[in-house]
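Down below is the structure, laid out as structure tokens.
FYI, it's all coordinate maths here, none of it is from the lab. Just so we're clear, the structure is a prediction, and the values are computed from it rather than from any experiment. With ideal geometry, Cβ positions are generated from the backbone for all residues, glycine too; neighbour counts draw on all protein chains shown.
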Amino acid sequence: MTAKIVDVGSKAAWKRWENFAKTGLNKYKTERNNPDRDGCSKMSVYLRFGTIHPRQLLAELEPNPDHDHYRSELCWREFYGDVLFHHPHTTWKNLQPKMDSIQVDTDAQAKKKFAQWCAGNTGYPIVDAGMRQMLATGWMHNRVRMIAASFLVKDLHLPWQWGAKFFMKHLVDGDIASNNHGWQWTAGTGTDAAPYFRIFNPVLQGERFDPDGNFVRQWIPELAEVPKKYIHSPWLMESALFGNYTAPMVDHSQERDEALSRYKISGENNRSVG
Ligand SMILES: Cc1cc2nc3c(=O)[nH]c(=O)nc-3n(C[C@H](O)[C@H](O)[C@H](O)COP(=O)(O)OP(=O)(O)OC[C@H]3O[C@@H](n4cnc5c(N)ncnc54)[C@H](O)[C@@H]3O)c2cc1C
């Protein structure tokens, strides 16, 4: 699948900003997490290529909670740029060396699982919708990036570097600092202080952030007819309204336990060495 080309250049950047400032900025705090809405700015590609400078956006912001939240997201971008500048080896290596001992899978079975994740065929609708959105448009909503990344690391037990490389290949806003440190944040190997037990449940995340299932239905035509109640867990339906959509490739609760046990073993090993 080839990504659609977004409008480029500074005129296009300001056009998008003006549209967002009119329709989204004043409800950014509440709507930014919902992939079914136009609730975030989609300025990342313009920031990535320098067609607009973060200071130009800061100058547009006022002191109120929605604008403050937008300012804090721009800060994440600068923060990750700073972390990478000072620790350039963390592009592909864990920022926290103690996390090197976590066991990840890299065998033939792991590669098969990776291929399913890449194609948006995991059987978890919110993960697959995000992956298909990225393959079709070169952009994925932030909340869904977190869910898809968590699934690769904590449900499939694959190296975060595999996912980061795939994202860099497909994202039009692909930025080595925000991307690779976004992945490290998810994997619990980066800047977050208490991260490893945060394991996103893809069904609950879907129900919370795409409550009507409109985002999922947009990207997964096989699920177009599935009612809201089952849209994030279609395998629970008695009748097969979801055509040839794949069954869940793993059981989330089992893989959650497996991830926690791998993190625990790694922690114990570190304690006994340290
Ligand atoms: C696994 C993973 C990979 C990511 N890869 C990239 C990437 O390659 N390039 C990229 O620009 N962002 C990346 N992000 C951060 C974030 O998802 C995108 O910046 C955001 O989705 C872009 O959409 P937006 O412009 O509508 O964001 P908005 O919500 O409108 O935010 C405004 C701007 O703030 C910055 N920003 C927002 N959230 C973050 C964040 N968590 N980290 C760093 N900067 C942020 C971006 O520059 C963004 O354009 C990644 C996040 C994760 C979890």
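So what are the ³J(HN,Hα) numbers for region 143-157, from phi and the Karplus equation (6.51, -1.76, 1.60; θ = phi - 60°), rounded to whole Hz, Gly and Pro as x?
Running phi through 6.51 cos²θ - 1.76 cosθ + 1.60 with θ = phi - 60° gives 4, 6, 4, 5, 5, 5, 5, 4, 4, 5, 7, 9, 9, 9, 6 Hz.
Taking the beta-carbon count within 10 Å as an exposure proxy, list 140, 237 from fewest neighbours to most.
237, 140
How high is the relative contact order of the chain, given as a whole-number percent (alpha carbon pairs under 8 Å, six or more residues apart)?
Taking the mean separation of contacting Cα pairs over the length of the chain, I get 21 percent.
Rounded to the nearest 500 deg cm²/dmol, what is the calculated helix-only ellipticity per residue at 222 nm for the chain, with -39500 (n - 2.57) per DSSP H run of length n ≥ 4?
My calculation for the chain gives -16000 deg cm²/dmol from helical runs alone.
Among 158, 260, which comes first, then next, by fewest other beta-carbon atoms within 10 Å?
With the fewest neighbours first, 158, 260 line up as 260, 158.
On the Cα set of region 228-267, report Rg and Dmax in Å, please.
Gyration radius and largest Cα-Cα distance of region 228-267: 14.8, 45 Å.
Given the pairs 27/111; 229/264; 27/228, which are separated by over 32 angstrom at their Cα positions?
From the list (27/111; 229/264; 27/228), the Cα-Cα distance tops 32 Å for 27/111; 229/264.
Calculate one ³J(HN,Hα) per residue across region 206-221 by plugging θ = phi - 60° into the Karplus curve 6.51 cos²θ - 1.76 cosθ + 1.60, and present them in order as whole Hz with x for glycine and proline.
Taking θ as phi minus 60°, the curve returns x, 5, 7, 9, 9, x, 8, x, 5, 5, 4, 5, 4, 9, 10, x Hz for region 206-221.
Could you give P(r) for the chain, binned at 10 Å from zero, as whole percent values over all Cα-Cα pairs?
It works out to 6, 27, 34, 23, 8, 1, in whole percents.
Throw me the Rg/Rh for region 1-134, computed over C-alpha atoms with Kirkwood Rh, two decimals.
Here Rg/Rh amounts to 1.03.
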